[in-house]
Amino acid sequence: MFAGAQVSLYPMTDGFVDVIMLSLGALDPWRDRLRIETDDISTLIVGPPEVLFPALRDLYAAAASSGQHVVLRATLSRGCPGEPDDPICRTGALANPSEPLALRQENALAAIAVTPEKGQHADAQFSLYVMGAGDHMVEIMGCIDFLRQSGTFDRSKNFCTRLTGDAGPVFATLQQAFCKFGPPNGHVTIDLTVSANSPSKR
């Protein structure tokens, strides 16, 4: 299974370089379990979801703690048929194909319930895309039902769902959506935007 994200961090400040450079230190505890490659547009972070999402959470929280308006943009993918398997992505986090949808929803909610808070607020919107054959709308609607019960659900929007709350539960909700819905070994993607300290909210 190949799992990872193309990530870009946008601080809305003249001191954007300092915010980015200081935030990168938040990835240090995760680096030995991830493959990280950076160019002038984005950073590729490859690894198992149970490492990938906490790393993204910590990167976001570090940038947000600057007090500046920052936006994290990411495209996440698992099981892309165009990518080779990567040993670093070995995981036990994906759903069991024999688990019915209701049980996957229950397990996802249980995982969020025990997630510690990070002390940093997150406003996010994302879209889940389930690729391949089969009735993908059953999985998407099942995910939406889970989101409504997650404690981080804000509202539905055109083409996406908005989440809000502490960064710990918000990123845990995203991880569960990524792992528990769609085919266990199939291609699933998420388009994600997370914002902190936006002046538009004032």
Exercise for review: Tell me which residues, restricted to the stretch 61-80, are of a type in the set (A, V, I, L, M) and outside any helix (DSSP H, G or I).
Suggested key: VAL70, VAL71, LEU72, ALA74, LEU76
Check your understanding: Within the group ASP32, ASP58, which residue is surrounded by fewer than 14 Cβ atoms within 10 Å (Cβ to Cβ) and outside any loop (DSSP other than H, G, I, E, B)?
Key -> ASP32
**Study point:** In the stretch 176-202, residue most open to solvent (accessible area, probe 1.4 Å) [restricted to those that are in a helix (DSSP H, G or I) and closer than 18 Å to ALA64 by Cα]
**Key:** LYS201
Study note, to complete from the structure: Scanning the stretch 144-153 for residues that are open to solvent by less than 60 Å² (accessible area, probe 1.4 Å), touching a residue at least 24 places away in the same chain (Cβ under 8 Å) and more than 14 Å from the chain's Cα centre (by Cα) gives PHE146, SER150
Exercise for review: Could you pull out the residue among ARG148, ARG104, ARG155 that is modelled with pLDDT under 95 and among the basic types (Lys, Arg)?
Suggested key: ARG104
Practice item. Could you figure out which of (1) touching a Leu at 6+ places or on another chain (Cβ under 8 Å); (2) farther than 23 Å from ALA61 by Cα; (3) open to solvent by less than 70 Å² (accessible area, probe 1.4 Å); (4) modelled with pLDDT of 95 or more isn't true of PHE126? Key: (2)
Practice item. Report those strands (runs of 3 or more DSSP E) wholly inside the stretch 84-175 carrying at least 1 residues which are within 23 Å of ALA3 (Cβ to Cβ) and small (Gly, Ala, Ser). Key: 121-130
Check your understanding: Out of the stretch 2-25, which residues are closer than 30 Å to ARG90 by Cβ and open to solvent by less than 20 Å² (accessible area, probe 1.4 Å)?
Key -> ALA3, GLY4, ALA5, VAL7, SER8, SER23
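Answer with yes or no whether LEU72 is among the hydrophobic types (A, V, I, L, M, F, W, C), out of contact with any Phe, Trp or Tyr (no Cβ under 8 Å at 6 or more places or on another chain) and modelled with pLDDT of 95 or more.
no
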Check your understanding: Does VAL46 satisfy being closer than 13 Å to GLY4 by Cα, open to solvent by less than 50 Å² (accessible area, probe 1.4 Å) and touching a strand residue (DSSP E or B) at 6+ places or on another chain (Cβ under 6 Å)?
Key -> yes
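The values are calculated or read from the model by the stated rules, or taken from the named source; none is laboratory data. Everything numeric in this text was worked out from a predicted model, so none of it was measured. Methodologically, a virtual Cβ is constructed for each residue, glycine included, from the backbone with ideal geometry; neighbour enumeration extends over all protein chains shown. Side chains included, ligands, DNA and RNA excluded: accessible areas come from the protein's heavy atoms. Shrake-Rupley method; radii C 1.70, N 1.55, O 1.52, S 1.80 Å.
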